[in-house]
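First the structure, in the form of structure tokens, and then the observations on it.
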Amino acid sequence: MSSTMKQWVVQDKEHDLDGLVYKDAAIPKVGENEVLVKIQAASLNYRDLIIPKGAYPFALNFPVVPGSDGAGEVVEVGSKVVEFKKGDQVATLFNQGHQYGAIDPHAAATGLGGAVDGTLREYAVFNEQGLVKSPSNLTAIEASTLSCAALTSWNALYGLKPLKPGQVVLVQGTGGVSIFGLQFAKAAGATVIATTSSAEKAEKLKKLGADHVINYKTEPNWGEAARKLTPGEAGVDHIIEVGGSGTLQQSFKCVKLEGIISVIGFLGGVDPKTQPTVLETLTHICTVRGVYVGSKALMKDMVRAIEANNIHPVVDDKVFSLEQTKEAYEYMWAQNHFGKLAIKVN
């Protein structure tokens, strides 16, 4: 094995994608509690795109190797490592310090690809606490999509008030979080309502198992339309909210009494004029919850569910090489992808 490797580095948040640099680096050495992973694949999240643009609101430490999501093969283990051995297939944990239970300030400041070096490199060293064994039914490219979007969806559906068979889940759009939410909800025996703006994407959502698809361009008052699709028009049990101020208004219109709105993103922007107030939670008797990925314990639960139900992540047809990472960023920023966007590393 060579002593050097290729990696991407975000130098700062001042230069947009010009601050994303491809360079040589030494392959890191393994400490006694650490694992050296040959990264086989990584995948991108919206977070990766906004870190170089200076729009990410959580802990950052520049310069940093980007990418929270990755999967690969263990090639070396430290003397005190007990959970992994050479040859194991592993995937990364997003917040390296979040092992179980509620997140705390320390764990919130351990995000891969932001606060600590991430996965867009050929080799990486992680504390054994920062990895899980990949699902046995997935390829490395598929497993590389689980760290952020999948675990966030799983946490939304199981982290506070676990989803039950027969309940109704609403997902917004066709990004990674929403598609994982659709897949996990269907595996649990739930009814899924999906929203999209495209007839072509609506067909793909139906093929993935969505029971109802609402086009929010032709049905801007989609919250009321969604409510009418629920048993007794009582409303939706779990809403995976990724849009921001505008979609949150509609989510309140369709949420069931005692339902949960899991706020995950703000793709549609934040506008104080249209943003609902916190008192809406009382008006609608519901819980609105911010979700920041999830713990290692939750990720292990998710891996078991993926294996038991033979769930396969939806990955965009176009897969980039490590060298083409900047092109992958641009492709995703232009919203040309469907599902997760993957990068083949080794």
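The values are calculated or read from the model by the stated rules, or taken from the named source; none is laboratory data. Being a predicted model, the structure only gives us computed values, none of them experimental. Neighbour counts are summed over all protein chains in view; Cβ atoms, including those assigned to glycine, are modelled from backbone coordinates with ideal geometry.
Which one of these does Ser2 not meet: (1) of a type outside the set (A, V, I, L, M); (2) at pLDDT below 95; (3) farther than 19 Å from Tyr123 by Cβ?
It is condition (3) that Ser2 fails.
Are any residues in the stretch 171-227 hydrophobic (A, V, I, L, M, F, W, C), in contact (Cβ under 8 Å) with a residue 40 or more places away in the chain and in contact with a helix residue (DSSP H, G or I) (Cβ under 6 Å, 6 or more places away or on another chain), and if so, which ones?
Val171, Val177, Phe180, Phe184, Ile193, Leu208, Ala226
Based on this model, can you work out whether Glu76 counts as assigned to a loop (DSSP other than H, G, I, E, B), of a type in the set (D, E, K, R) and either surrounded by 17 or more Cβ atoms within 10 Å (Cβ to Cβ) or in contact (Cβ under 8 Å) with a residue 40 or more places away in the chain (or both)? Even if it seems obvious, please write down each step before you answer.
Values: assigned to a loop (DSSP other than H, G, I, E, B): no; of a type in the set (D, E, K, R): yes; either surrounded by 17 or more Cβ atoms within 10 Å (Cβ to Cβ) or in contact (Cβ under 8 Å) with a residue 40 or more places away in the chain (or both): yes.
Criteria not met by Glu76.
Listed residues Val171, Val132; which is assigned to a strand (DSSP E or B), closer than 29 Å to Gly87 by Cα and either modelled with pLDDT of 95 or more or of a type in the set (D, E, K, R) (or both)? Spell out the reasoning first.
Numbers: Val171 fails: closer than 29 Å to Gly87 by Cα.
Just a single option satisfies the conditions, and that option is Val132.
Let me spell it out: the conditions are (1) in contact with a Leu (Cβ under 9 Å, 6 or more places away or on another chain); (2) more than 18 Å from Ser68 (Cβ to Cβ); (3) aliphatic (A, V, I, L, M), and Met332 meets all of them except one. Which number is the exception?
That leaves (2) as the condition not met.
Restricted to the stretch 302-325, and to residues that are surrounded by fewer than 16 Cβ atoms within 10 Å (Cβ to Cβ) and charged (D, E, K, R), which residue is farthest from Pro135 (Cα to Cα)?
The extreme case among them is Glu323.
Can you pull out the residues in the stretch 78-118 that are on the phi > 0 side of the Ramachandran plot and among the charged types (D, E, K, R)?
The answer is none; no residue qualifies.
In the stretch 58-108, what residues are polar (S, T, N, Q) and under 22 Å from Ala328 (Cβ atoms)?
Pass one, the stretch 58-108, residues polar (S, T, N, Q): 61, 68, 79, 89, 92, 95-96, 99.
Ser68, Thr92 - these are the residues of the stretch 58-108 that are polar (S, T, N, Q) and under 22 Å from Ala328 (Cβ atoms).
Somewhere in the stretch 319-326, is a residue more than 28 Å from Ala202 (Cα to Cα) and in a strand (DSSP E or B)?
Keep residues of the stretch 319-326 that are more than 28 Å from Ala202 (Cα to Cα), which gives 321-326.
Now narrow it down to the ones that are in a strand (DSSP E or B): 321.
Checking the stretch 319-326: at least one residue is more than 28 Å from Ala202 (Cα to Cα) and in a strand (DSSP E or B).
Looking only at the stretch 17-34, how many residues end up being exposed (fewer than 13 other Cβ atoms within 10 Å of the Cβ) and either touching a Pro at 6+ places or on another chain (Cβ under 7 Å) or not basic (Lys, Arg) (or both)?
4
If a residue has to be surrounded by fewer than 17 Cβ atoms within 10 Å (Cβ to Cβ) and within 18 Å of His15 (Cα to Cα) to count, how many in the stretch 326-339 make the cut? If you could, list the steps in order and put the result at the bottom.
Our first condition is that a residue be surrounded by fewer than 17 Cβ atoms within 10 Å (Cβ to Cβ); within the stretch 326-339, this holds for 326-327, 330, 333-336.
From what's left, within 18 Å of His15 (Cα to Cα): 326-327, 330, 333.
Result for the stretch 326-339: 4.
For the stretch 29-44, check the following and say yes or no: at least one residue is under 22 Å from the mean Cα position of the chain (by Cα), assigned to a loop (DSSP other than H, G, I, E, B) and assigned by TED's automatic domain parsing to the domain that holds His337.
In the first step, residues of the stretch 29-44 are kept if they are under 22 Å from the mean Cα position of the chain (by Cα); the result is 37-44.
Imposing the further condition that a residue be assigned to a loop (DSSP other than H, G, I, E, B) reduces the set to none.
Among the residues of the stretch 29-44, not one is under 22 Å from the mean Cα position of the chain (by Cα), assigned to a loop (DSSP other than H, G, I, E, B) and assigned by TED's automatic domain parsing to the domain that holds His337, which makes the answer no.
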